[in-house]
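Please see the structure below; I have some questions.
The values are calculated or read from the model by the stated rules, or taken from the named source; none is laboratory data. Quick caveat: nothing in here was measured; it's all calculated off a predicted structure. Don't worry about glycine lacking a Cβ; one is built from the backbone with ideal geometry, like all the others, and counts go over all protein chains shown.
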Amino acid sequence: MQLVGRIGAALAGVVGLAVLLAWYTTGGAMLSSMVPGVLLVAPTAAFALVLLSIALVAFDRPRLTAVLGVAVLAIGGLSLAEYALGTSLGVDTLLPGIELNGDALRMAPSTAFSLFVLGGSVLSSRLARSTLALVLAVVALCVSQIAILGYVYGVSSLYTVGGYTSMALLTAVGIALLSGATLLQHPSAGLAGLARDGGSAGRLVRPAIPVFILGPFALGWLFLTAQRMGWFDIPFAFAVLVLSMTILGSALTWIAALRLRELDRQREGALARLAETNHLLETTVAVRTQELAKTADALEALVRLAPVGIVQLDAAGGLLTANDQWLSVSGLTLEASLGEGWMSALHPDDLDRVRAEWSESSAVGAAYSATVRFRTQDGQVNSVQFTSTPIRDRGIVTGHLASVTDVTALRAAEQAATAARARFEAAFAWSPLGTAIVSLDGRVLEANRRLFELAGRSADVLGGPIEAVFLPLETVGADARPAGQLESSRQRVDRRMRRSDAEETWVKVSVAEIHEGEHVGGLLYQLEDITARRLAEARVEHLAFHDPLTNLPNRLLLLDRLSQALLQAARHGRGVAVLFIDLDRFKVVNDSLGHHSGDAVLVEVAARLRQGARASDTVARIGGDEFVVVCPDVDSSRDVAQLADALQKSIARPIRIGDHVASVDASIGIAFGVGHDDPESLLRNADQAMYLAKDRGRARFEVFDDDLRGRIDRRLDTEIALRSA
């Protein structure tokens, strides 16, 4: 509606500008011939129409609208003053440059009055209430409508006041447009507000407005025209006009009655639906009230049976209600707990602190939580967790709801856990075993001092993988496994540690799972230093298979090496040679220089044998002055003979012992074997060949062959026969 009003105001402005254009240009006569009555509009009146048009188009700019309204109000008022005083105040000559040819073209009194009223309407529209503006706009609209009716019906008395100048038709049209635009700038008030109403008033007014405005006007024009054409005289025309107005009024009344009856039906239907809705609402409220009552009973039972103390306090902290659990924890009766009596249950050492903290929290409307001690009348002290929350009604704290939980057992458990933790930390820190807590992915979380000592460092142990403190598994043995490969919750394995000082350290690693409830949360590593035991075991194992004097393999290890050599010979089709060596004149050295010198000779002979033998050969001492050399992968007897000759020459070199020189020779027996030979038999054959070398003059080597085997068998038969004779 506001847009329509502004369009109407713009049209009125166009009319005013056209009038001013006709007065200011030489083509005014031509424009007057084209638009009759243009020059009948006073220039000042046209100027006022333009000002009102601008004020209504720019209605959203209050200051500009007010200034223009005051200007139009002044123009209309001064013009009326001229008529009242009978003198000229110069309003007609307000616009310069218009040639009036000596005539005073003053605006009509009705025009001045309409402009005065419209200026006041525009000015008063800036007020909070728009009633005055609407009333003034309706007055101006009525004045302009009277003038328009006079022009339409040809009744000059309607647009002429006395003998004064009459209101021009264009002026009347412009004022009517501006009055209507003023009414439409207030769409929520007056007739426009009724027309826009979505209710019964709007539905009744909207169809009636065109009839009331255009109906009488059209009927009057038709009857007046017919009467002037001589169709009927004035009494008949008046009677027909009265009859038409009666019929029109009756029709409008009938239509209004139909609308009102429809509205009554709608209202009755709405009232019936409202009654039904009210009944449903009352039923729902009754049901919900019962439900709330049941909920309240359940809540009361829940509070009464709750395992924690529940109390309700007022805004100042005074106790209003409490359940049985509170009475049990506090040791007070309900009467003794009311008001501030509940604070008497507090331990005297906690009373001042709780009062201060409670006052501070309640002053700002905040929740309060603290662990306090209650002392009952029989002297029992209970630790409780006191927690309160404010109850608000429209932002104002009206009370507090608090819970009191007995945490005496929890506190005792926490203290026990703290003591256990302290004992564990002491045992962990000062344990003689290297101890570490390791995550499931193998990272060291904690470690004690002993573990750092065993590892020889501490910088890169914490946070690093536990396997970093050990040597790789392939250098330790097949029985060692990392933590991720343990088959049970406890494992004990021997590992070698990777120390920063390169010292070899053996530890026995015990790994146990650390359970956190039903899940494994980590691993506990304990490392026992077993280096001394490992060295002792290695020494015992070495002595079991080696000669303690020469550190050469003994008879047990010799037979094992010989068995392995024979197995390899069977696989590859090669031979095995056994050299049985017995020292000549060794008894002379022992008897003349002593057993210590004899031992020195044996050590030196062992060294010469190791030096002269091949890398794959095994040199062993099987007792006294007897040595054996096992030669695997033998190609020919010539190679073995060369080796025996070289060893014999090496042994025969003088041996210096302090200030003395000892000299010994060696008698060597050689036996050859293949894969299917027995190690003991092969060793015995070499021994027989060695004795043959001694029988043939010592300091030489002999090879066991079939001829030697035959002689041995014949000699054995002879000895058996001599024993039997």
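So if I check each of Ala569, Ala606, which one is within 19 Å of Ala666 (Cα to Cα), in a helix (DSSP H, G or I) and assigned by TED's automatic domain parsing to the domain that holds Leu692? I'd like the intermediate steps shown before the answer.
Numbers: Ala569 fails: within 19 Å of Ala666 (Cα to Cα).
Among Ala569, Ala606, only Ala606 is within 19 Å of Ala666 (Cα to Cα), in a helix (DSSP H, G or I) and assigned by TED's automatic domain parsing to the domain that holds Leu692.
Answer with yes or no whether Ser663 is touching a Pro at 6+ places or on another chain (Cβ under 9 Å) and of a type outside the set (Phe, Trp, Tyr). Break it down into steps so the answer makes sense when it comes.
Working: touching a Pro at 6+ places or on another chain (Cβ under 9 Å): yes; of a type outside the set (Phe, Trp, Tyr): yes.
The answer is yes for Ser663.
A further question follows. Which one of Arg561, Arg621 is in the same structural domain as Arg698 (by TED's automatic domain parsing), of a type outside the set (A, V, I, L, M, F, W, C), surrounded by 15 or more Cβ atoms within 10 Å (Cβ to Cβ) and not in a strand (DSSP E or B)? Steps first, please.
Numbers: Arg621 fails: not in a strand (DSSP E or B).
The conditions single out Arg561.
While we're looking at this one, here's another question. Out of Leu132, Leu136, report the one residue that is surrounded by 15 or more Cβ atoms within 10 Å (Cβ to Cβ) and at pLDDT 75 or above.
Values: Leu132 fails: surrounded by 15 or more Cβ atoms within 10 Å (Cβ to Cβ).
Selected residue: Leu136, the only one of Leu132, Leu136 that is surrounded by 15 or more Cβ atoms within 10 Å (Cβ to Cβ) and at pLDDT 75 or above.
Additional query: Sort out for me the helices (runs of 4 or more DSSP H) sitting completely within the stretch 1-104 that have 2 or more residues that are polar (S, T, N, Q) and modelled with pLDDT under 80. Explain how you work it out, then say what you get.
Numbers: elements: 2-24, 28-34, 43-57, 62-85.
The qualifying helices (runs of 4 or more DSSP H) are 28-34.
With the structure loaded, tell me whether Val540 is outside any helix (DSSP H, G or I) and out of contact with any helix residue (DSSP H, G or I) (no Cβ under 6 Å at 6 or more places or on another chain) or whether it fails that test.
Numbers: outside any helix (DSSP H, G or I): no; out of contact with any helix residue (DSSP H, G or I) (no Cβ under 6 Å at 6 or more places or on another chain): yes.
Spelling it out, it is not the case that Val540 is outside any helix (DSSP H, G or I) and out of contact with any helix residue (DSSP H, G or I) (no Cβ under 6 Å at 6 or more places or on another chain).
Which members of the stretch 380-391 meet the condition of being farther than 21 Å from Leu410 by Cβ and either out of contact with any Ser or Thr (no Cβ under 7 Å at 6 or more places or on another chain) or part of a loop (DSSP other than H, G, I, E, B) (or both)? Steps first, answer last, please.
Filtering the stretch 380-391 down to residues farther than 21 Å from Leu410 by Cβ leaves 389-391.
Of everything in the stretch 380-391, those that are farther than 21 Å from Leu410 by Cβ and either out of contact with any Ser or Thr (no Cβ under 7 Å at 6 or more places or on another chain) or part of a loop (DSSP other than H, G, I, E, B) (or both) turn out to be Thr389, Pro390.
Go through (1) at pLDDT 90 or above; (2) not in a strand (DSSP E or B) for Val578 and report which single condition fails.
Failing condition for Val578: (2).
Tell me whether the stretch 347-363 contains one or more residues that are surrounded by 14 or more Cβ atoms within 10 Å (Cβ to Cβ), assigned to a helix (DSSP H, G or I) and acidic (Asp, Glu). Spell out how you get there, then give the answer.
Initially, the stretch 347-363 is screened for residues surrounded by 14 or more Cβ atoms within 10 Å (Cβ to Cβ), giving 347, 350-351, 354-355, 357-358, 361-362.
Next cut, assigned to a helix (DSSP H, G or I) only: 350-351, 354-355, 357-358, 361-362.
From the residues that got through so far, the ones that are acidic (Asp, Glu) too are 350, 357.
Yes: the stretch 347-363 contains one or more residues that are surrounded by 14 or more Cβ atoms within 10 Å (Cβ to Cβ), assigned to a helix (DSSP H, G or I) and acidic (Asp, Glu).
Another question, if that's okay. For the stretch 676-696, which residues satisfy the criterion of being touching a Leu at 6+ places or on another chain (Cβ under 8 Å) and crowded, with 17+ Cβ neighbours inside 10 Å?
Asp677, Pro679, Leu682, Leu683, Ala686, Gln688, Ala689, Leu692
Could you list, in sequence order, all residues of the stretch 474-513 that are out of contact with any helix residue (DSSP H, G or I) (no Cβ under 8 Å at 6 or more places or on another chain), modelled with pLDDT of 70 or more and of a type in the set (A, V, I, L, M, F, W, C)?
Once the filter is applied, which keeps residues that are out of contact with any helix residue (DSSP H, G or I) (no Cβ under 8 Å at 6 or more places or on another chain), modelled with pLDDT of 70 or more and of a type in the set (A, V, I, L, M, F, W, C), the stretch 474-513 yields Val493, Val509, Ala512.
Could you pull out the residue among Glu340, Glu335 that is surrounded by fewer than 13 Cβ atoms within 10 Å (Cβ to Cβ) and at pLDDT 80 or above?
Details: Glu340 fails: surrounded by fewer than 13 Cβ atoms within 10 Å (Cβ to Cβ).
Going through Glu340, Glu335 in turn, just one is surrounded by fewer than 13 Cβ atoms within 10 Å (Cβ to Cβ) and at pLDDT 80 or above: Glu335.
Here is a follow-up. I'd like the residue in the stretch 697-708 that is charged (D, E, K, R) and loosely packed, with under 12 Cβ neighbours inside 10 Å and, out of all such residues, is modelled with the lowest pLDDT. Lay out the reasoning, then the answer.
Here is the first cut: in the stretch 697-708, the residues charged (D, E, K, R) are 698, 700, 702, 705-707.
Narrowing further to those that are loosely packed, with under 12 Cβ neighbours inside 10 Å: 706-707.
Details: Asp706: 72, Asp707: 75.
Among residues in the stretch 697-708 that are charged (D, E, K, R) and loosely packed, with under 12 Cβ neighbours inside 10 Å, the one modelled with the lowest pLDDT is Asp706.
Among the listed residues Leu281, Leu320, Leu313, Leu327, which satisfies the condition of being of a type in the set (A, V, I, L, M) and not assigned by TED's automatic domain parsing to the domain that holds Asn382?
Leu281
Now for a separate question. Specify the residue that is farthest from Val588 (Cα to Cα); the eligible residues are those in the stretch 652-675 that are surrounded by 17 or more Cβ atoms within 10 Å (Cβ to Cβ) and of a type in the set (Gly, Ala, Ser).
In this case the residue turns out to be Gly673.
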